Amino acid sequence: MTTKPLGLAAAVAAYRQAGVGGITVWRDALALRGVNESAKILAGSGLKVVSLCRGGFFPATDAEARQAAVDENRRVIDEAAAIGAPLVVLVCGALPGLPLAEARAQITDALRRLVPYAAQANVRLGIEPLHPMYSDTRSAINSLTQANDIVEQVNSPYIGVTVDVYHLWWDDRLEREIVRAGQRASIFSFHVCDWRSPTIDLLNDRGLMGEGYIDIRQIRSWVEAAGFPGFIEVEVFSTRCWAMDQYEYIKRICAAYLEHV
Ligand code: ZN
């Protein structure tokens with residue numbers, strides 16, 4: 001998604017060329033190329049598939065819609081297995097007007113129902129807490145505390161968290177919640193970008209690392225001290241950056257990564 005204009009095939013070639021070792025794929029990209037063709041592109045890419053983004057969006061006003069969401073997430077798990085992704089990242093969902101506590105209860109219930117299917121497919125599920133500014137429509141899980149609470153309630157090695165600095169950097173409990181997740185070995189992925197000030201678009205104005213004010217190195221040190229062994233993923237949604245030459249942009253990403261992460 002960071003280099004969305006390239007599409008999947010060009011992205012994997014460019015990442016490989018740039019010395020990038022892995023890629024997370026969005027379902028949007030799979031929809032464009034088809035799951036089978038995407039799987040072939042990835043299998044021959046030399047890149048490790050880190051995760052599939054994204055599942056989730058569980059809360060709904062009626063039981064049928066909640067069941068449909070669980071069914072849809074089973075399809076996401078199938079797609080992850082098909083492309084060799086060991087992890088599905090979850091944006092868990094929220095509905096305007098649905099109390100956040102009720103939404104979280106619905107999410108917990110949906111995850112309990114989904115976990116056996118994920119285990120059977122050997123695909124893990126990572127709850128990605130989103131910044132509170134998205135708590136109306138995107139996710140009722142807005143802190144690592146809330147995500148860790150649900151991980152403990154669901155209690156399966158197939159459920160864990162995704163730590164994204166953009167969503168969590170403001171939280172004064174972040175370090176201790178990273179430690180808490182580390183104790184269960186439930187940090188499944190780690191996303192970096194930066195918080196621009198002012199931010200002019202709530203969705204698509206993320207900064208490249210070093211363009212904003214997140215202490216990325218500090219958060220990385222906590223995540224690694226907690227035992228997270230995986231990829232550090234650059235995830236930048238940016239209308240400004242998508243308008244650039246994407247090959248030049250990848251060079252800038254690599255430089256920013258080396259300097260600020
Ligand atoms: Zn993220």
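The values are calculated or read from the model by the stated rules, or taken from the named source; none is laboratory data. Predicted model only: the values in this text are computed from it and were never measured. Neighbour counts are summed over all protein chains in view; Cβ atoms, including those assigned to glycine, are modelled from backbone coordinates with ideal geometry. What goes into the accessible areas is simple: the full protein's heavy atoms, side chains included, and nothing from ligands, DNA or RNA. Shrake-Rupley method; radii C 1.70, N 1.55, O 1.52, S 1.80 Å.
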Checklist entry - If you project the alpha carbons of segment 10-65 onto their three principal axes, what span does each projection cover, largest first, in Å? => result 48, 19, 14
Checklist entry - On the accessible surface of segment 173-261, probed at 1.4 Å, how many percent belong to carbon and sulfur atoms? => result 53 percent
Next on the checklist: If packing is taken as the average count of other Cβ atoms within 10 Å, what order do 2-8, 122-128 fall into, highest mean first?
Outcome noted: 122-128, 2-8
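Given contacts defined as C-alpha pairs under 8 Å and at least six residues apart, what's the relative contact order of segment 157-261, whole-number percent?
Numbers: 147 pairs, mean separation 31.5, N = 105.
For segment 157-261, the relative contact order is 30 percent.
Over the chain, what is the relative contact order in whole percent, taking alpha-carbon pairs under 8 Å and six or more residues apart? Provide the component values of the computation, followed by the final result.
On the way: 477 pairs, mean separation 42.4, N = 261.
With pairs under 8 Å counted, the relative contact order is 16 percent.
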Checklist entry - Check residue 139: other-chain or 5+ apart residues with amide H under 5 Å from its amide H, H built from backbone geometry? => result 93, 94
Item to check | Karplus (6.51, -1.76, 1.60) ³J(HN,Hα), θ = phi - 60°, over segment 18-25, in Hz, Gly and Pro reported as x | outcome: 7, x, 7, x, x, 8, 9, 10
Checklist entry - Viscosity 0.890 mPa s, temperature 25 °C: Stokes-Einstein D of segment 203-256 from its Kirkwood Cα radius, in µm² per second? => result 195 µm²/s
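With r defined as the distance between the Cβ atoms of residue 170 and residue 43 and R0 fixed at 35 Å, what FRET efficiency is calculated, to the nearest 0.05? Please report the intermediate quantities before stating the final value.
On the way: r = 39 Å, r/R0 = 1.12.
For R0 = 35 Å, the calculated efficiency reads 0.35.
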Item to check | residue 252-residue 98 pseudo-label distance in nm [points 7 Å out on the Cα-to-Cβ vector] | outcome: 3.8 nm
Checklist entry - At residue 197 and residue 32, where each label point lies 7 Å from the Cα along Cα→Cβ, what is the point-to-point distance in nanometres? => result 3.4 nm
Checklist outcome for this item: Rh (Kirkwood, all Cα-Cα pairs) for the chain, Å, reads 18.5 Å
Checklist entry - How many nm separate the modelled label positions at residue 155 and residue 18, each set 7 Å beyond the Cα in the direction of the Cβ? => result 4.3 nm
Checklist outcome for this item: Listed by chain and number, the lysines with an alpha carbon less than 25 angstrom from that of residue 40, same-chain partners under 8 positions apart left out, are 4, 48
Checklist outcome for this item: At the level of C-alpha centres, the distance separating segment 9-47 and segment 184-261, in angstrom, is 20 Å
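Sorted by mean Cβ packing within 10 Å, highest first, what order do the peptides 23-29, 131-137, 96-102 take? Walk me through the numbers before you get to the answer.
Working: 23-29: 20.3, 131-137: 14.7, 96-102: 11.3.
Going by the mean number of other Cβ atoms within 10 Å, highest first, we get 23-29, 131-137, 96-102.
Given N residues in segment 112-261, what is Rg(Cα) / (2.2 N^0.38 Å)?
Details: Rg = 15.9 Å, N = 150, 2.2 N^0.38 = 14.8 Å.
Cα-based Rg divided by the globular estimate yields 1.07.
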Checklist entry - If one puts a single equal scatterer on every Cα of segment 1-147 and applies the Debye formula without solvent, what log₁₀ I(q)/I(0) results at q = 0.12, 0.14 Å⁻¹? => result -0.52, -0.69
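Wrap a convex hull around the Cα atoms of segment 104-161, take a quarter of its surface area, and give that in square nanometres. Mind showing how you got there, number by number?
Values: hull surface 14.6 nm².
Value for segment 104-161: 3.6 nm².
Return an integer: the convex hull volume of the alpha-carbon atoms of segment 62-157, in Å³ per residue.
Values: hull volume 8.7 nm³, N = 96.
Output value, Cα hull per residue: 90 Å³.
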